[in-house]
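This report refers to the structure that appears directly beneath it.
The values are calculated or read from the model by the stated rules, or taken from the named source; none is laboratory data. This structure is a prediction, so every number in the text was calculated from the model and none was measured. Every residue, glycine among them, receives a Cβ derived from its backbone with ideal geometry; neighbour counts consider all protein chains shown. Note: accessible area is taken over every heavy atom of the protein model, side chains too, but ligands, DNA and RNA are not part of it. Shrake-Rupley method; radii C 1.70, N 1.55, O 1.52, S 1.80 Å.
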Amino acid sequence: MDNNYYHATRRVDFAAPALDQDIETDVAIIGGGISGVSAALHLAERGFRPVLLEAKQIGWGASGRNGGQVLPGFGAGQHKITQLVGAQEARKLWDMSVEAVDLLYARIAQHDIPCDPRHGYLHAALKPRHVRELREEQEALAKLGAPVGALLEGAALRARLASPRYIAALEDKLAGHVHPLNYTLGLANAAQAAGARMFAGSPVARIEEGDIVTLHVGPAGCGRSISSSPAGPIWRGWKSACAAMSCRSAPM
(Lines give C-alpha, C1' and ligand atoms only; values in the text may rest on other atoms or scores of the structure.)
Protein backbone atom coordinates (compact mmCIF):
# COMPACT_ATOMS: atom_id res chain seq x y z
CA MET A 1 0.00 0.00 0.00
CA ASP A 2 2.73 2.48 0.94
CA ASN A 3 4.86 2.02 -2.18
CA ASN A 4 2.79 3.83 -4.80
CA TYR A 5 2.26 7.29 -6.25
CA TYR A 6 -1.00 8.01 -4.49
CA HIS A 7 0.35 7.20 -1.05
CA ALA A 8 3.45 9.30 -1.77
CA THR A 9 1.21 12.27 -2.64
CA ARG A 10 -1.30 11.71 0.18
CA ARG A 11 -2.55 14.96 1.73
CA VAL A 12 -5.36 13.68 3.97
CA ASP A 13 -4.72 12.15 7.39
CA PHE A 14 -7.06 9.50 8.69
CA ALA A 15 -6.61 6.86 11.35
CA ALA A 16 -8.98 4.13 12.49
CA PRO A 17 -8.40 1.75 15.42
CA ALA A 18 -9.03 -1.98 15.45
CA LEU A 19 -12.33 -3.16 16.92
CA ASP A 20 -11.57 -4.04 20.56
CA GLN A 21 -14.76 -3.48 22.53
CA ASP A 22 -18.46 -4.25 22.64
CA ILE A 23 -20.47 -1.81 20.53
CA GLU A 24 -24.00 -1.37 19.26
CA THR A 25 -24.95 0.06 15.89
CA ASP A 26 -27.77 0.34 13.40
CA VAL A 27 -25.78 -0.66 10.31
CA ALA A 28 -22.53 -2.56 9.78
CA ILE A 29 -20.55 -1.97 6.60
CA ILE A 30 -17.83 -4.37 5.47
CA GLY A 31 -15.11 -2.72 3.43
CA GLY A 32 -13.36 0.64 3.76
CA GLY A 33 -13.21 1.66 0.11
CA ILE A 34 -15.21 4.37 -1.63
CA SER A 35 -18.43 2.32 -1.54
CA GLY A 36 -18.07 1.61 2.17
CA VAL A 37 -17.10 5.08 3.40
CA SER A 38 -19.68 6.72 1.14
CA ALA A 39 -22.37 4.43 2.56
CA ALA A 40 -21.22 5.29 6.08
CA LEU A 41 -21.42 9.01 5.33
CA HIS A 42 -24.88 8.86 3.77
CA LEU A 43 -26.23 6.72 6.59
CA ALA A 44 -24.77 8.92 9.33
CA GLU A 45 -26.26 12.01 7.68
CA ARG A 46 -29.67 10.33 7.80
CA GLY A 47 -29.48 9.66 11.51
CA PHE A 48 -28.24 6.08 11.52
CA ARG A 49 -25.27 4.88 13.60
CA PRO A 50 -23.13 2.97 11.09
CA VAL A 51 -20.03 0.98 11.94
CA LEU A 52 -17.51 0.24 9.19
CA LEU A 53 -15.09 -2.70 9.36
CA GLU A 54 -11.98 -2.79 7.15
CA ALA A 55 -9.53 -5.69 7.10
CA LYS A 56 -6.51 -3.54 6.20
CA GLN A 57 -6.55 0.28 6.17
CA ILE A 58 -9.20 2.69 4.93
CA GLY A 59 -8.58 3.14 1.19
CA TRP A 60 -6.12 0.24 1.13
CA GLY A 61 -7.45 -1.50 -1.97
CA ALA A 62 -8.43 -0.34 -5.44
CA SER A 63 -10.34 2.67 -4.10
CA GLY A 64 -7.08 4.23 -2.93
CA ARG A 65 -4.92 3.41 -5.96
CA ASN A 66 -7.03 3.44 -9.13
CA GLY A 67 -6.71 5.75 -12.11
CA GLY A 68 -8.94 8.39 -10.52
CA GLN A 69 -11.14 8.88 -13.59
CA VAL A 70 -14.55 10.44 -12.94
CA LEU A 71 -16.75 9.35 -15.83
CA PRO A 72 -20.47 9.56 -16.58
CA GLY A 73 -22.07 6.71 -18.48
CA PHE A 74 -20.98 3.10 -18.62
CA GLY A 75 -18.13 1.07 -20.05
CA ALA A 76 -20.32 -0.27 -22.85
CA GLY A 77 -21.01 3.20 -24.26
CA GLN A 78 -24.36 4.97 -24.33
CA HIS A 79 -25.18 3.85 -27.88
CA LYS A 80 -24.82 0.20 -26.84
CA ILE A 81 -26.83 0.76 -23.66
CA THR A 82 -29.64 2.20 -25.80
CA GLN A 83 -29.58 -0.88 -28.02
CA LEU A 84 -29.81 -3.13 -24.97
CA VAL A 85 -32.54 -1.45 -22.92
CA GLY A 86 -34.24 1.09 -25.21
CA ALA A 87 -34.12 4.88 -25.30
CA GLN A 88 -36.28 5.56 -22.23
CA GLU A 89 -34.37 3.30 -19.85
CA ALA A 90 -31.05 4.36 -21.35
CA ARG A 91 -31.90 7.96 -20.50
CA LYS A 92 -32.63 7.00 -16.89
CA LEU A 93 -29.32 5.19 -16.61
CA TRP A 94 -27.46 8.13 -18.13
CA ASP A 95 -29.09 10.60 -15.75
CA MET A 96 -28.19 8.36 -12.80
CA SER A 97 -24.54 8.28 -13.87
CA VAL A 98 -24.42 12.08 -14.26
CA GLU A 99 -25.98 12.43 -10.81
CA ALA A 100 -23.14 10.29 -9.42
CA VAL A 101 -20.53 12.57 -11.01
CA ASP A 102 -22.30 15.66 -9.66
CA LEU A 103 -22.48 14.09 -6.20
CA LEU A 104 -18.76 13.37 -6.20
CA TYR A 105 -17.84 16.98 -6.97
CA ALA A 106 -20.44 18.24 -4.50
CA ARG A 107 -18.94 16.09 -1.74
CA ILE A 108 -15.48 17.42 -2.52
CA ALA A 109 -16.71 20.99 -2.22
CA GLN A 110 -18.90 20.34 0.84
CA HIS A 111 -16.14 18.69 2.84
CA ASP A 112 -13.20 20.61 1.35
CA ILE A 113 -11.39 17.42 0.30
CA PRO A 114 -7.93 18.19 -1.16
CA CYS A 115 -8.04 15.60 -3.93
CA ASP A 116 -7.08 17.82 -6.90
CA PRO A 117 -10.38 17.63 -8.82
CA ARG A 118 -10.10 18.31 -12.53
CA HIS A 119 -12.83 18.70 -15.15
CA GLY A 120 -12.51 17.50 -18.73
CA TYR A 121 -11.55 14.22 -20.35
CA LEU A 122 -10.60 12.83 -23.78
CA HIS A 123 -11.86 9.45 -24.97
CA ALA A 124 -9.05 8.57 -27.38
CA ALA A 125 -9.18 6.27 -30.42
CA LEU A 126 -6.31 4.01 -31.48
CA LYS A 127 -7.89 2.56 -34.62
CA PRO A 128 -10.67 3.37 -37.15
CA ARG A 129 -13.16 1.13 -35.33
CA HIS A 130 -12.72 3.25 -32.22
CA VAL A 131 -13.42 6.39 -34.24
CA ARG A 132 -16.67 4.91 -35.52
CA GLU A 133 -17.67 4.07 -31.96
CA LEU A 134 -16.90 7.62 -30.80
CA ARG A 135 -19.13 9.00 -33.57
CA GLU A 136 -21.90 6.63 -32.49
CA GLU A 137 -21.45 7.84 -28.93
CA GLN A 138 -21.74 11.46 -30.09
CA GLU A 139 -25.01 10.67 -31.81
CA ALA A 140 -26.40 8.79 -28.82
CA LEU A 141 -25.54 11.63 -26.44
CA ALA A 142 -27.08 14.20 -28.80
CA LYS A 143 -30.34 12.24 -28.84
CA LEU A 144 -30.34 12.32 -25.04
CA GLY A 145 -29.86 16.08 -25.05
CA ALA A 146 -26.63 15.55 -23.11
CA PRO A 147 -23.57 17.76 -23.59
CA VAL A 148 -21.73 16.55 -26.68
CA GLY A 149 -18.03 17.24 -27.08
CA ALA A 150 -16.16 17.75 -30.32
CA LEU A 151 -14.48 14.86 -32.10
CA LEU A 152 -10.87 15.96 -32.42
CA GLU A 153 -8.70 14.83 -35.32
CA GLY A 154 -5.57 16.04 -37.06
CA ALA A 155 -4.07 19.30 -35.81
CA ALA A 156 -6.90 19.84 -33.31
CA LEU A 157 -6.09 16.49 -31.70
CA ARG A 158 -2.33 17.11 -31.65
CA ALA A 159 -2.90 20.43 -29.88
CA ARG A 160 -4.52 18.55 -27.03
CA LEU A 161 -2.76 15.18 -27.16
CA ALA A 162 0.81 15.18 -28.45
CA SER A 163 1.08 11.50 -29.28
CA PRO A 164 1.17 9.84 -32.72
CA ARG A 165 -0.56 6.72 -31.36
CA TYR A 166 -4.04 8.25 -31.32
CA ILE A 167 -6.03 9.14 -34.43
CA ALA A 168 -9.03 10.85 -32.79
CA ALA A 169 -10.50 11.77 -29.43
CA LEU A 170 -13.94 12.75 -28.17
CA GLU A 171 -14.12 15.59 -25.66
CA ASP A 172 -16.07 14.93 -22.47
CA LYS A 173 -16.60 18.03 -20.34
CA LEU A 174 -18.67 16.21 -17.72
CA ALA A 175 -15.87 13.82 -16.87
CA GLY A 176 -12.69 14.51 -14.93
CA HIS A 177 -10.12 13.20 -12.49
CA VAL A 178 -9.45 13.11 -8.75
CA HIS A 179 -6.72 11.79 -6.47
CA PRO A 180 -8.51 8.60 -5.37
CA LEU A 181 -6.76 8.02 -2.04
CA ASN A 182 -7.21 11.60 -0.84
CA TYR A 183 -10.85 11.48 -1.96
CA THR A 184 -11.51 8.20 -0.11
CA LEU A 185 -9.82 9.40 3.08
CA GLY A 186 -11.64 12.74 2.85
CA LEU A 187 -14.97 10.90 2.67
CA ALA A 188 -13.91 8.81 5.66
CA ASN A 189 -13.17 11.94 7.70
CA ALA A 190 -16.56 13.38 6.73
CA ALA A 191 -18.32 10.14 7.70
CA GLN A 192 -16.53 10.03 11.03
CA ALA A 193 -17.43 13.66 11.73
CA ALA A 194 -21.06 12.84 10.93
CA GLY A 195 -21.09 10.07 13.56
CA ALA A 196 -19.95 6.94 11.74
CA ARG A 197 -17.52 4.68 13.58
CA MET A 198 -14.72 3.05 11.59
CA PHE A 199 -12.36 0.23 12.47
CA ALA A 200 -9.30 -0.83 10.47
CA GLY A 201 -7.35 -4.05 10.92
CA SER A 202 -10.70 -5.71 11.63
CA PRO A 203 -11.32 -8.43 9.02
CA VAL A 204 -14.73 -10.09 8.95
CA ALA A 205 -13.96 -13.79 8.73
CA ARG A 206 -17.48 -15.20 8.92
CA ILE A 207 -21.10 -14.04 8.85
CA GLU A 208 -23.51 -16.12 10.93
CA GLU A 209 -27.04 -15.45 9.76
CA GLY A 210 -30.31 -15.91 11.61
CA ASP A 211 -32.73 -13.80 13.66
CA ILE A 212 -29.57 -12.44 15.24
CA VAL A 213 -26.86 -11.90 12.61
CA THR A 214 -23.29 -12.16 13.89
CA LEU A 215 -20.17 -10.94 12.14
CA HIS A 216 -17.10 -12.76 13.42
CA VAL A 217 -14.12 -10.40 13.30
CA GLY A 218 -10.45 -11.34 13.57
CA PRO A 219 -8.19 -14.18 12.38
CA ALA A 220 -10.34 -17.17 11.44
CA GLY A 221 -13.28 -15.42 13.08
CA CYS A 222 -11.98 -16.12 16.58
CA GLY A 223 -11.69 -12.50 17.71
CA ARG A 224 -14.41 -9.86 18.09
CA SER A 225 -18.00 -10.50 17.06
CA ILE A 226 -20.69 -8.14 15.85
CA SER A 227 -24.28 -9.26 16.38
CA SER A 228 -27.32 -7.80 14.69
CA SER A 229 -30.84 -7.14 15.78
CA PRO A 230 -33.50 -8.92 13.67
CA ALA A 231 -33.85 -6.08 11.17
CA GLY A 232 -33.59 -7.82 7.83
CA PRO A 233 -31.13 -9.63 5.57
CA ILE A 234 -27.54 -8.60 4.95
CA TRP A 235 -26.86 -6.85 1.67
CA ARG A 236 -23.60 -7.95 0.10
CA GLY A 237 -22.07 -5.72 -2.54
CA TRP A 238 -18.89 -6.03 -4.56
CA LYS A 239 -16.94 -3.93 -2.09
CA SER A 240 -19.18 -3.77 0.98
CA ALA A 241 -21.99 -5.47 2.88
CA CYS A 242 -24.59 -3.79 5.04
CA ALA A 243 -27.01 -4.98 7.70
CA ALA A 244 -28.91 -3.41 10.54
CA MET A 245 -26.70 -4.29 13.46
CA SER A 246 -25.98 -4.19 17.15
CA CYS A 247 -22.36 -5.08 17.87
CA ARG A 248 -20.35 -6.68 20.61
CA SER A 249 -16.77 -7.81 20.89
CA ALA A 250 -15.30 -10.99 22.35
CA PRO A 251 -11.81 -11.18 23.87
CA MET A 252 -8.98 -12.41 21.64
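Data table
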| quantity | calculated |
| --- | --- |
| Residue-normalised accessible area of the chain, expressed per residue, 1.4 Å probe, Å² | 52 |
| Value of [θ]222 nm, deg cm²/dmol, for the chain, DSSP H segments ≥ 4, -39500 (n - 2.57) each, nearest 500 | -11000 deg cm²/dmol |
| Spin-label model distance (nm) - R158 vs V85, 7 Å beyond Cα toward Cβ | 4.2 |
| Whole-number percent relative contact order across the chain, with pairs defined as alpha carbons under 8 Å at least 6 apart | 32 |
| Where labels lie 7 Å past Cα in the beta-carbon direction, separation of N3 and R129 in nm | 3.7 |
| Label-point separation, D112 to I167 (7 Å along Cα→Cβ), nm | 5.0 |
| Cα shape, segment 141-223, gyration tensor, a/c 1.5 rule | prolate |
| DSSP beta bridges in the chain [antiparallel fraction, %, rounded to 5] | 75 |
| Computed FRET value (nearest 0.05) for I212 with A142, which takes r as the C-beta separation and R₀ as 35 Å | 0.05 |
| Cα pair distances exceeding 15 angstrom across segment 3-51, given as percent | 60 |
| Approximate shape of the chain as ellipsoid semi-axes (Cα gyration tensor, √5λ), whole Å, largest first | 40, 21, 15 |
